[in-house]
1. Can you give the extra length, in nm with one decimal, that the chain gains between E256 and L272 once fully stretched, where that is 0.36 nm per residue apart less the Cα-Cα distance?
2. What is the distance, in nm, between label points placed 7 Å from the Cα along the Cα-to-Cβ direction at W23 and at L208?
3. Under a plain spin-label model, where a point goes 7 Å from the Cα along Cα-to-Cβ, how far apart in nm are D78 and F217?
4. How far, in nm, would the chain grow between L42 and M248 when pulled straight, counting 0.36 nm per residue and subtracting the alpha carbon separation?
5. With a 1.4 Å probe and all protein chains left in place, how much of the accessible area of segment 211-319 comes from carbon and sulfur atoms, in whole percent?
6. What is the calculated FRET efficiency for V105 to D16, with r their C-beta to C-beta distance and R₀ = 51 Å, to the nearest 0.05?
7. What full-extension length gain, to one decimal in nm, is calculated for A30 and T313 as 0.36 nm per residue of separation minus the Cα-Cα distance?
8. State log₁₀ I(q)/I(0) for segment 198-319 at q = 0.11, 0.13 Å⁻¹ as given by the Debye formula over alpha-carbon point scatterers of equal weight, solvent excluded.
Amino acid sequence: MSTASHSHVFLGEGHDKNERRTWAVIALCAVMMVAEIVGGLLFGSIALVADGLHMSTHAGALLLAALAYRYARRHADDPRFSFGTGKFGDLAGFSSAIVLVMIAVLIGYEAVARLIAPVPISFNEAIPIAALGLIVNIVSALLLGGGGGGHDHGHSYDHSHSNDHSRSHEHSHGHGHGTAHRDNNMRAAVIHVLADAIVSVLVIAGLLLGRSFGWLFMDPLAGLVGAAVIASWSYGLIRDTGAILLDMNPDRGMAERVRATIERDGDRVEDLHLWRLGPGHLGAILSVVTAKPRDAGHYRRLLRHFRNLSHVTVEVQQT
């Protein structure tokens, strides 16, 4: 219980661990990036070069993710950020998604060009490099896989216009746990790795079919399919991170439950705003109209079971 100040640190529980995972994958992918691009150029596989180019760009995107983790951690208590640095991961995820779209366009363009004008491919040399690329992607996915959730640290901080603050350890009922706790910075990193893995599988399949049946078109076709998959995942990431950056309501069902909780005893919620502050943290502003002698503390106590509400502001209007 505090009546003076409260925390505005809205980072996910696995923030530091996710940062370390990201740096490890950057080092791994940088090595493989060089091998794939050089191998693809030497052996004439556009899909392999595309895979290497994508790995180079997603290594850059992973660097963006790692720097976002670091900056958010180091500036978590910076008073210039009114609601903390929990959204840095979403900003980095949005930027990564834009990079993914550009990658998809580049791969699609090159694939169409090779469909129109096929080039000879050294299958026996290119296939092992593509297989190595897939192994690297699998290892990267395993390294990152444990950090995709971004769980809540277990505390909820409430704030009111009366400067009375409290903490709650109770669970919210029926709230979308996965969406609220999703670390979109790690999600973007995982999508980059999975996109590489998909392209690697398609490259291997295209090369094997090309070698077995002489179908040179299978190699650029693999790149084209990979571009479509990457574009689809990019769209989902842009949609979700964009909504957070624009402070869209992250859970309409929860908003309705908050309203119902406040109004169950005859009071009226005149205004309600709900938005995401960071992985596992939601903010809420409520304006309550009541005819009874109640203060903001009464309504904060009613909302204690909504564990994800990490910053609550309550304005009470007496009628």
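1. Values: separation 16, 0.36 × 16 = 5.76 nm, distance 0.96 nm.
The E256-L272 span can extend by a further 4.8 nm.
2. 3.8
3. Those two pseudo-labels are separated by 5.4 nm.
4. Result: 69.3 nm gained on full extension.
5. 55
6. Step by step, r from the Cβ atoms, then E = 0.90.
7. Numbers: separation 283, 0.36 × 283 = 101.88 nm, distance 4.60 nm.
Net length gain for the segment: 97.3 nm.
8. Reported log10 I(q)/I(0), two decimals: -0.55, -0.63.
The values are calculated or read from the model by the stated rules, or taken from the named source; none is laboratory data. What you see is a predicted model; the values in this text were computed from it and never measured. Counting neighbours? That spans all protein chains shown, and the Cβs are built from the backbone with ideal geometry, glycine included. In case anyone asks, the SASA skips ligands and DNA or RNA and just uses the protein heavy atoms, side chains included. Shrake-Rupley method; radii C 1.70, N 1.55, O 1.52, S 1.80 Å.
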